[in-house]
1. What percent do you get for the relative contact order of the stretch 22-113 when only Cα pairs under 8 Å and 6+ apart count?
2. Going by how many other Cβ atoms sit within 10 Å of their own, how do Ser220, Ser69 line up, fewest first?
3. Sorted from fewest to most neighbouring beta carbons within 10 Å, what does the list Ile29, Ile230 look like?
4. Relative to the first principal axis of the alpha-carbon coordinates of the chain, what is the inclination of helix 215-233, with its axis defined by its Cα atoms, in degrees from 0 to 90 and to the nearest 10?
5. For the stretch 303-310, just list the computed ³J(HN,Hα) in residue order, Karplus coefficients 6.51, -1.76 and 1.60, θ = phi - 60°, integers in Hz, with x standing in for Gly and Pro.
6. Is it possible to state the helix-based mean residue ellipticity at 222 nm for the chain, with each DSSP H run of 4+ residues giving -39500 (n - 2.57), the sum divided by total residues, to the nearest 500 deg cm²/dmol? What is it?
7. Using just the C-alpha positions of the chain as equal point scatterers, what log10 of I(q)/I(0) does the Debye formula give at each q in 0.09, 0.12 1/Å?
8. Sort Leu188, Leu256, Leu320 so that the residue with the fewest other Cβ atoms within 10 Å of its own Cβ comes first and the one with the most comes last.
Amino acid sequence: MAEARAPGKAILFGEHAVVYGHPAVAVAIKAGVQVAVSVNKEWAVEGRPLDPTRHPHLKSIISRMPRESGTYSFQISSTLFSAAGQGSSAALSVAAHLALRKQIGEISSTIDAAKSAHLAEADAQSGRASPTDTATSALGGCIVVSSSLPPIAKHVFSAELKTSEGLRKWDVGTVDLQDDSNPPSLVLGFTGNSSKTGKMVAMVADLISSNPEKKHDLDSIGEITEVGLIALASSQWEAVGMAMNACHDRLVSLNLSTPHLERLIESVRPHSFGAKLTGAGGGGCMMALTKEPARVAQMIELCGAKAMISPLHNKGAQILG
Ligand code: MEV
């Protein structure tokens, strides 16, 4: 048996715009997905034959396994909310890749895991997926993804994808966050309404093609992200929060928020540096950056959502055995 674990992610700035090459900044969160694989007479998940329509990410990861490497059964456990904007499918893909490669005695880097998992996300999102979720889950820490990385980021790898809107290219880099003796925490609030990333990304693509002026919101998210990243790297939390709020306004203009997300965000802002929807939107999660995590979590629960507190600094994917 081989086992691997990969964390979920929270996007501080840049979701959706990153699909079009603008920068995005994401951090790994504490919760994640653990995958164990063991030899089996057929591909299976939790003791049942693998159904590719229920597990498109696993099917895609398996398609890149070397020929004649056998068939395996997956046992999956997760502390993430599912289809909630926390990168659960990216974490599943990264952990499944690492566990399978370990099982067949192959050494795979977290960069290889990020690349294979990105292709799995793209397969599942009708060809439109940035490497943000998968790179953050694989590498951990703070990740920047952009068609052209800002100087503050250290380049780690490049990724490209053929989409119906043309060839997209991204560079993936890491940013060192300063040691802060009392850093703020992230609090995520899950509305309970799951949301499909592929559907939301397609909705934005349709919106832009029917209302080309909406592209301005994506350009604006790109500009805010650049400023927010500089604030983040120098621990200027008020400025980070302002950039989060400004990104959220553009995501609202792109019809990605919901009344429940708005209620949650409004209720936590007085106790946070900033709060916004995170991930694909249309349901899923909001996030707040705050020094009062218990209070913010309580406000979220009072508004009928599920709260999760995470430190700002978290490790990437790991092979467990
Ligand atoms: C989803 O977590 C982030 C999106 O920007 C999609 C992507 O980057 O592939 C909405």
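1. Numbers: 107 pairs, mean separation 34.8, N = 92.
Computed over the stretch 22-113, the figure is 38 percent.
2. Numbers: Ser220 17, Ser69 14.
The order, fewest Cβ neighbours first, is Ser69, Ser220.
3. Values: Ile29 28, Ile230 15.
Lowest count first: Ile230, Ile29.
4. Once rounded, one gets 90 degrees.
5. Result, ordered by residue: 8, x, 10, 9, 9, 9, 9, 9 Hz.
6. Numbers: 9 runs with 117 residues, N = 321.
It comes out at -11500 deg cm²/dmol, rounded to the nearest 500.
7. -0.42, -0.75
8. Values: Leu188 28, Leu256 25, Leu320 14.
With the sparsest Cβ surroundings first, the list reads Leu320, Leu256, Leu188.
Coordinate-derived values only; no laboratory data. All of these numbers come straight from a predicted model, not from anything done at the bench. Ideal geometry is used to build each Cβ from the backbone, glycine not excepted, and the neighbour counts take in all protein chains shown.
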